[in-house]
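Step one of this worksheet: look at the structure below.
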Amino acid sequence: MDPFDIDGLDEVIHGRVRLGVMAWLVGHQEADFNDLKARLKATDGNLSVHLRKLEDAGYIAVEKSFVGRKPLTRLTLTPAGDKAFLGYLDAIGKLVDETRG
């Protein structure tokens, strides 16, 4: 890999909010929308857009339900998401290693 070739980075993951979601789910397996929103300092709309991108890529599963009258959105990492995140970390590691030469 050319040290300045960043094509190996997964564009779906490579963004502050999406990277934060993936990192949290890798370590905790699941999360709910409001917890992630607070941890990532994101707005409802911003987080929703990023979650949709991760869901469309097959990296997370989204389950919507109600607890009493309150909506609850639970997120889990899929096997494809786990694999993609490990690939992303590998690509970042190679990029760092090669630029340090």
Open item on the list: Restricting to region 18-34, name every residue that is open to solvent by 60 Å² or more (accessible area, probe 1.4 Å), under 19 Å from T78 (Cβ atoms) and more than 11 Å from the chain's Cα centre (by Cα).
Closed with: H28, Q29, E30
Task: Scope region 35-55; condition open to solvent by less than 40 Å² (accessible area, probe 1.4 Å) and either assigned to a loop (DSSP other than H, G, I, E, B) or small (G, A, S) (or both); matching residues - done: A42
Task: Selection status of K94, open to solvent by 80 Å² or more (accessible area, probe 1.4 Å), part of a helix (DSSP H, G or I) and at pLDDT below 95 - done: yes
Open item on the list: Between V26, V49, V62, V96, which is without any contact (Cβ under 8 Å) to a residue 40 or more places away in the chain and in contact with a strand residue (DSSP E or B) (Cβ under 8 Å, 6 or more places away or on another chain)?
Closed with: V62
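The values are calculated or read from the model by the stated rules, or taken from the named source; none is laboratory data. Here the structure is a predicted model, which means the values were calculated and not measured. Virtual Cβ from ideal backbone geometry, glycine too; neighbours counted across all protein chains shown. Just so you know, the surface numbers come from the protein's heavy atoms only, side chains and all, with ligands and any DNA or RNA stripped out. Shrake-Rupley method; radii C 1.70, N 1.55, O 1.52, S 1.80 Å.
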